[in-house]
Each structure stands twice: as C-alpha cells, then as structure tokens.
Amino acid sequence: MRDSLVLINPPSPWLIDDRTSMPLGLLYIASHVEQVVGYPVELVDRSGRSDTPIPAGRRFYGLTAATPQWPGVRGLIQQIRAATPEATIIVGGPHPTALPQPCLNEGCDVVVIGEGETQMEQLLQGVAPHTIEGAVTRHSPRVIHAPRIENLDALPFPARDRVMGYQKHTIITSRGCPFRCAFCCSETIWGRRVVTRSVQNVIAEVDHMIAMQGARFIVFQDETFGLKRGWLEQFCEQIAQRDVEWGIQTRAQLCTPEFAARVHDAGCREVSLGIESGSAAMLRRYGKSTPQANLDAIRTLHRAGLRCRGYFIVGLPGETEFSVDETERFLTQAMSRGLTGAIVGPYVPYPGCSLSASQQGPDLRYERYYHYGSKEAGHGSAIGEHAERIRRWNDRLQATLGQLNEFVRYEQLRKRLPAVRRRLAASAAIEVVPSI
C-alpha cells in the first residue's frame with residue numbers, strides 16, 4: 001500500500017450549485033498534512049460531479065460530511081473498503097462530530113470531532129487512534145474533545161491550488177461563535193469561545209489570494225464577523241489599502257452607524273444577517289434580535305451604502321399562520337428600508353443542535369433531509385407531522401420575496417435610467433427619447 005492520505009470532498013446534490021464556495025475545512029487539513037506533517041496528500045473533489053475516480057491502494061482516506069451528504073459518504077466508504085480493505089478510513093465534519101458512534105457503525109474506522117488538524121497529524125504519525133483526544137473509534141471508552149487550537153496563525157493557508165472552478169473567494173478569520181441559536185450546530189463543532197487569527201495573518205492571506213488568484217471580492221465566512229472592536233479597527237485600516245472589496249455575515253446588534261461606516265469605507269459592500277423570522281415571539285423564543293432591531297440594522301447598513309441580505313427560517317417549532325403573516329409583513333418593511341436580498345428556507349433539525357435533540361427519531365432518513373414537502377419528509381423526526389404546512393408556508397414566503405425582488409430591481413433600474421440616458425446622449429450613439 002502506498003503511504004498517502006486521500007482527502008475526498010463529497011458532492012452536495014441537493015444544492016443548485018455546490019461549486020460556489022471552496023471546502024475550506026478540507027483544504028486546511030490538506031495544507032497542514034503536507035506542509036507541517038510532511039505526509040503526501042491526494043485530493044479528490046467530487047463537488048458538482050460523482051465520477052471523479054478515487055485512487056485505490058492508499059493507506060489513509062479522509063472524508064468530510066454535512067448531514068445531507070452522509071448517505072453519499074456512506075456509499076463512498078463502502079467503495080473504498082471494497083477496493084482497499086486494509087485502509088484506515090477517517091471521517092470528520094458537522095455530521096460525524098454530532099453523531100460519532102452511528103458513523104462508526106456504518107463502516108469508517110475513526111471519527112474526528114471538531115477541529116481536525118491536530119488529530120490528523122497524530123493519526124498519520126502512528127499514534128493509536130483510541131488514545132487521541134478528539135478521535136473516536138469503536139474501542140474508545142468515551143468521547144473526549146481535543147483542546148482548541150489557540151494559535152490559528154500557525155496553520156498554513158488552505159490548499160486552494162488543489163481545487164478549481166469555484167465561484168467565490170472565501171476566508172475565515174475566526175473559529176467559534178458566542179451565541180446559542182438553538183437551530184444551529186456551531187457550538188457542537190467549535191464551542192462558544194471564539195479564537196481569532198491576527199490581523200497580520202489574515203491580511204497576508206488576502207494579499208496571497210489577490211496575487212495568486214486575482215481575487216477582487218472576498219467573502220469572510222466567520223459565524224459572526226466584527227465581534228472584537230479593536231481587531232476590526234486594525235483590520236479595516238489594513239484591508240482599505242488593498243484593491244479588493246468584501247462581504248461578511250454578522251448580527252443585527254453589531255450594525256451600529258459607526259460599524260457600518262467603518263466597514264464600508266474599508267471596502268465592505270455586502271452584509272448578511274441571520275434574521276430568521278419577522279415574529280417577535282419567534283425571535284424571543286430562539287434568542288435572536290427583535291424585528292425592530294433587524295429593521296434598524298437594515299436601514300443603517302443601507303444608509304452607509306451597503307447591500308444587505310437576510311436569511312430566514314420557516315417552520316421552526318412554534319411557527320403558526322400568524323407568525324408567518326408577521327414574517328411576510330416584515331419582508332415588505334425590510335425591502336422598503338434597504339434589504340437588497342433574502343433567502344428563505346425550511347427548518348431542518350440537524351444533529352448537534354439543541355433544538356433538534358428532542359426531534360431525532362430512531363430511523364433518520366438523511367437522504368430525505370431537504371425533501372420536506374414529500375410524504376417521506378419526516379425522516380424519523382417530528383418535522384414530518386408538519387411537512388405539508390411547512391412546504392405551503394415556504395412557498396408563500398418565496399412568492400412574496402419574488403414579488404419584492406422584482407420591485408427592488410425595477411426601482412434600481414428606474415433610478416439608473418437618467419444616468420444611462422446621459423451617457424448615451426454624450427456618445428451620440430442613438431437618438432435619445434425624452435422621458436414622458
């Protein structure tokens with residue numbers, strides 16, 4: 001058998017396009033193993049396709065999986081086992097971190113929970129898997145989380161040169177989130193303590209991406225960007241000197257006029273907010289900002305010249321016709337205050353989320369995770385009892401959103417028409433028809 005680690009990025013067939021953002025977690029593992037451990041790595045990227053060959057006869061295979069990817073990853077494990085029975089198969093990512101023992105029962109040898117760089121380093125160096133903190137095997141007496149990586153600057157930049165064809169340039173500047181949204185599994189993966197890279201290290205990566213990949217717009221994928229004011233001030237001073245624009249996701253309560261003006265002046269052009277609902281009762285139930293706080297944040301960002309996108313969840317436990325009515329009205333208000341885009345999606349009870357713990361049934365059908373409108377939508381969880389209602393609510397909000405987006409595009413075009421007419425008149429390219 002050849003001494004090599006084959007890292008596999010599985011496809012995400014439920015997405016319209018799964019080649020939007022690079023798999024940074026897997027690419028961090030690849031660069032760490034190659035540059036720090038000095039162990040050869042082969043990377044198989046199956047996003048957007050399912051026919052990329054997986055080499056046989058290697059000593060180690062590593063796969064990452066979100067919950068909806070698990071049925072496909074389970075099939076890949078079976079293929080690898082059939083081709084190379086003696087290989088060590090390692091899985092990590094959100095789904096194995098939340099459910100290590102069930103994943104072991106389905107064919108893999110080791111589950112890495114949480115961060116993976118330290119565990120992978122020890123596995124490749126021959127440390128017995130059941131003695132490694134943060135690695136779980138069939139012989140592990142209990143699950144022990146590894147200590148967090150405190151110096152993220154010590155990690156090499158993700159091995160972006162190993163994959164091609166992705167639309168977005170993405171960076172993560174921190175790991176962890178201090179908030180406890182009940183429908184999110186971030187705490188299970190990272191914990192609530194936030195570990196942040198230095199400004200100098202992040203800017204070095206920005207410079208690298210501009211020079212090597214021609215990046216002109218970078219999306220920062222932190223769970224909540226801008227938590228540390230001093231760090232943000234230094235970062236904005238540095239990135240403002242680069243010829244690059246950028247986008248972030250953060251929380252409404254951070255979007256003060258000072259925050260909005262500072263990031264805009266430094267090149268930020270888009271801010272995404274996890275709004276979730278237009279119902280005060282629903283937001284209070286799940287520890288989120290109030291509708292008014294969200295509207296104030298949207299207006300603040302708009303006045304600073306920033307595009308603002310909102311993310312909404314429909315069908316959370318406690319959702320009613322009245323709360324959906326409130327969300328529909330909120331969307332209309334938000335668009336009038338400057339919301340330039342929104343994404344509405346149905347609630348899905350991911351393993352590892354505190355809200356989902358009471359909803360996990362004995363026979364989860366992960367391959368049906370996004371088929372909430374079908375007869376099999378329940379996949380063993382309580383959401384199945386409300387699948388048709390959630391589908392109807394989701395379709396209704398999607399229709400409202402579509403109408404609002406059309407209006408926003410019309411207004412933007414109407415405001416641009418005078419400038420377009422002036423440019424055409426100046427060029428004398430065509431006869432300009434006066435406005436009526």
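Quick check: anything in segment 283-290 surrounded by fewer than 18 Cβ atoms within 10 Å (Cβ to Cβ), of a type in the set (S, T, N, Q) and within 17 Å of THR250 (Cα to Cα)? Scanning segment 283-290 turns up at least one residue that is surrounded by fewer than 18 Cβ atoms within 10 Å (Cβ to Cβ), of a type in the set (S, T, N, Q) and within 17 Å of THR250 (Cα to Cα).
Evaluating SER50 against the criteria (1) crowded, with 16+ Cβ neighbours inside 10 Å; (2) in contact (Cβ under 8 Å) with a residue 24 or more places away in the chain; (3) of a type in the set (S, T, N, Q) leaves one unmet condition, (1).
Inside segment 301-318, residues that are touching a strand residue (DSSP E or B) at 6+ places or on another chain (Cβ under 9 Å), buried (at least 16 other Cβ atoms within 10 Å of the Cβ) and not hydrophobic (A, V, I, L, M, F, W, C) make up a count of 5. If you go through segment 190-219 and keep only what is assigned to a strand (DSSP E or B) and under 19 Å from MET164 (Cα atoms), you end up with PHE217, ILE218, VAL219. Residue selection: CYS255 satisfies the criterion of being modelled with pLDDT of 95 or more and either of a type in the set (D, E, K, R) or under 21 Å from the mean Cα position of the chain (by Cα) (or both).
Scanning segment 16-40 for residues that are more than 22 Å from ILE172 (Cα to Cα) and without any contact (Cβ under 8 Å) to a residue 40 or more places away in the chain gives ILE16, GLY38, PRO40.
Selection within segment 96-109: residues that are touching a Gly at 6+ places or on another chain (Cβ under 9 Å) and aliphatic (A, V, I, L, M). The member of this set that is nearest to PRO71 (Cα to Cα) is LEU99. Scanning segment 109-150 for residues that are within 17 Å of VAL195 (Cβ to Cβ) and either among the small types (Gly, Ala, Ser) or not in a loop (DSSP other than H, G, I, E, B) (or both) gives GLY114, GLY116, GLU117, THR118, GLN119, GLY134, ALA146. Against the conditions (1) assigned to a helix (DSSP H, G or I); (2) over 19 Å from the mean Cα position of the chain (by Cα); (3) crowded, with 20+ Cβ neighbours inside 10 Å, PRO96 satisfies every one except (2). When residues of segment 151-180 are filtered for being in a loop (DSSP other than H, G, I, E, B), buried (at least 20 other Cβ atoms within 10 Å of the Cβ) and of a type in the set (A, V, I, L, M, F, W, C), how many remain? Going through segment 151-180 one residue at a time, the tally reaches 2.
Which of the residues that make up segment 1-57 are more than 23 Å from the chain's Cα centre (by Cα) and in a strand (DSSP E or B)? Even if it seems obvious, please write down each step before you answer.
If we filter segment 1-57 for residues that are more than 23 Å from the chain's Cα centre (by Cα), which is where we start, we get 1-6, 33-42, 51-57.
Scanning segment 1-57 gives ARG2, ASP3, SER4, LEU5, VAL6, VAL41, GLU42.
Of the residues LEU43, LEU63, LEU76, which is under 10 Å from ASN9 (Cβ atoms) and touching a residue at least 60 places away in the same chain (Cβ under 8 Å)?
Going through LEU43, LEU63, LEU76 in turn, the sole match is LEU43.
Can you confirm whether segment 233-256 contains a residue that is touching a Ser or Thr at 6+ places or on another chain (Cβ under 7 Å) and of a type in the set (D, E, K, R)? Looking through segment 233-256, at least one residue is touching a Ser or Thr at 6+ places or on another chain (Cβ under 7 Å) and of a type in the set (D, E, K, R). The residues listed here are PHE225, PHE235; of these, the one that is assigned by TED's automatic domain parsing to the domain that holds GLY305, in a loop (DSSP other than H, G, I, E, B) and among the hydrophobic types (A, V, I, L, M, F, W, C) is PHE225. The requirement of being modelled with pLDDT of 90 or more, out of contact with any Lys or Arg (no Cβ under 6 Å at 6 or more places or on another chain) and closer than 27 Å to PRO102 by Cβ is not satisfied by ARG197. Of all residues in segment 203-231, how many are in contact with a helix residue (DSSP H, G or I) (Cβ under 7 Å, 6 or more places away or on another chain) and buried (at least 20 other Cβ atoms within 10 Å of the Cβ)? Here the count works out to 5. Only one entry of THR20, THR67 meets the criterion of being among the polar types (S, T, N, Q), touching a helix residue (DSSP H, G or I) at 6+ places or on another chain (Cβ under 6 Å) and not assigned by TED's automatic domain parsing to the domain that holds ALA215, and that entry is THR67. Just to be sure, is ALA342 under 15 Å from ASN394 (Cα atoms) and either of a type in the set (Phe, Trp, Tyr) or touching a Leu at 6+ places or on another chain (Cβ under 7 Å) (or both)? So ALA342 fits the description; yes.
The values are calculated or read from the model by the stated rules, or taken from the named source; none is laboratory data. Predicted model, so just to flag it, every value in this text is computed and none were measured. For neighbour counting, all protein chains shown are included, and Cβ atoms are generated from backbone atoms with ideal geometry for every residue, glycine included.
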